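Down below is the structure, laid out as structure tokens.
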Amino acid sequence: MKERKIALITGASSGIGWSTALALAEKDYDLILCGRRSERLQQLSDTVKVETYQLIFDVRDKQAVFQAIEGLPERWKSINVLLNNAGNAHGLDAVQEANLDDWDAMIDSNVKGLMYVTKAVLPLLRESSWGHIVNVGSIAGKEAYPKGSVYCASKAAVQYFTDGLRLDLNPELIRVSAIHPGLVETEFSIVRFKGDTDRSKTVYQGADALRAEDVADAIVYMVEAPKSVTIADLVILPTRQASAYVINRES
Ligand code: NAP
């Protein structure tokens, strides 16, 4: 019997993670769906035709991450693709004014959480015939923007962690990639602005932002490339966006 392909996706309950789950299901991957909102993950499971398994944990909780992943049933213990996507921005403030809880939330989820999940999943990637880790960075990790210093720093850390990991895993031929999106219209800004949907809409106004599906398509392209090919670092922007903060908005 042909081996089933398995992808583990963090932050599958919304946005880029959700869309990538749908896109990988179309490519016949069975899915381990991770997030904190179990009802969303159930809804996603009910939507796809492949087999799914849900893991509910907060990526900031080191113990919960390892317990969840080490506790996977045998059938799910050989993983091909890890999509480290869970993360968010919290607040948009100058360093002088910023809230320390927002800083902790970003560093603990975007940086440390991604590292914990990677470390926990690595033995399971080794169990399968091929493995690929795709980390979701951001254009913010390439270039700082005003009031975004800690979010930008967290995504720059994703960039350098990815590069180091690629070096470390080179002897094992496990592929390691990062994708860095520009503006994508998801729940991202609603989380950043703590539920203020009016303010979050202004982020995308006239920008013809990427859809989560656009990013998902690119991730599928990276993952489905021939095994001899690694798309190491991919920046994807809406055409109206030229840099982290240069956006040609339609008026
Ligand atoms: P989103 O719609 O808000 O989705 C964020 C996902 O991350 C949710 O599924 C959320 O799930 C999960 N998550 C957040 N904190 C978590 C935690 N502590 N533990 C477990 N799961 C957590 O935003 P998105 O745009 O799809 O964001 C996905 C990734 O893309 C993030 O890393 C973000 O930084 C990056 N990104 C986004 C943009 C953009 O413009 N949207 C641009 C560049 C990069 P639960 O709430 O269910 O836990």
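Being within 15 Å of the ligand (Cβ to nearest atom) and either open to solvent by 60 Å² or more (accessible area, probe 1.4 Å) or at pLDDT below 95 (or both), is that true of even one residue in region 25-35?
No: zero hits.
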Please find, among 201, 142, 155, 147, the residue that is basic (Lys, Arg) and surrounded by 22 or more Cβ atoms within 10 Å (Cβ to Cβ). 155
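If you go through region 174-182 one residue at a time, do you hit one that is open to solvent by 20 Å² or more (accessible area, probe 1.4 Å), part of a loop (DSSP other than H, G, I, E, B), over 17 Å from residue 24 (Cα atoms) and not polar (S, T, N, Q)?
No; the residues of region 174-182 include none that is open to solvent by 20 Å² or more (accessible area, probe 1.4 Å), part of a loop (DSSP other than H, G, I, E, B), over 17 Å from residue 24 (Cα atoms) and not polar (S, T, N, Q).
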Being closer than 18 Å to residue 112 by Cβ and in contact with a Phe, Trp or Tyr (Cβ under 6 Å, 6 or more places away or on another chain) is the filter here, so list the residues in region 128-149 that pass it. 140
Tally the residues that are more than 11 Å from the ligand (Cβ to nearest atom) and either aromatic (Phe, Trp, Tyr) or closer than 16 Å to residue 137 by Cβ (or both), restricting the search to region 176-213. 3
Residue that is farthest from the ligand (Cβ to nearest atom) [pool: residues in region 86-95 that are open to solvent by 30 Å² or more (accessible area, probe 1.4 Å) and either charged (D, E, K, R) or more than 19 Å from residue 158 (Cα to Cα) (or both)]: 95
Which listed residue, of 125, 55, 83, 72, is open to solvent by less than 10 Å² (accessible area, probe 1.4 Å) and either at pLDDT below 95 or more than 21 Å from residue 165 (Cα to Cα) (or both): 72
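The values are calculated or read from the model by the stated rules, or taken from the named source; none is laboratory data. Only a predicted model underlies this, so the values are computations on that prediction, with no experimental measurement involved. We place every Cβ from the backbone using ideal geometry, glycine too, and count neighbours over all the protein chains shown. Note: areas computed on protein heavy atoms with side chains; ligands, DNA, RNA excluded. Shrake-Rupley method; radii C 1.70, N 1.55, O 1.52, S 1.80 Å.
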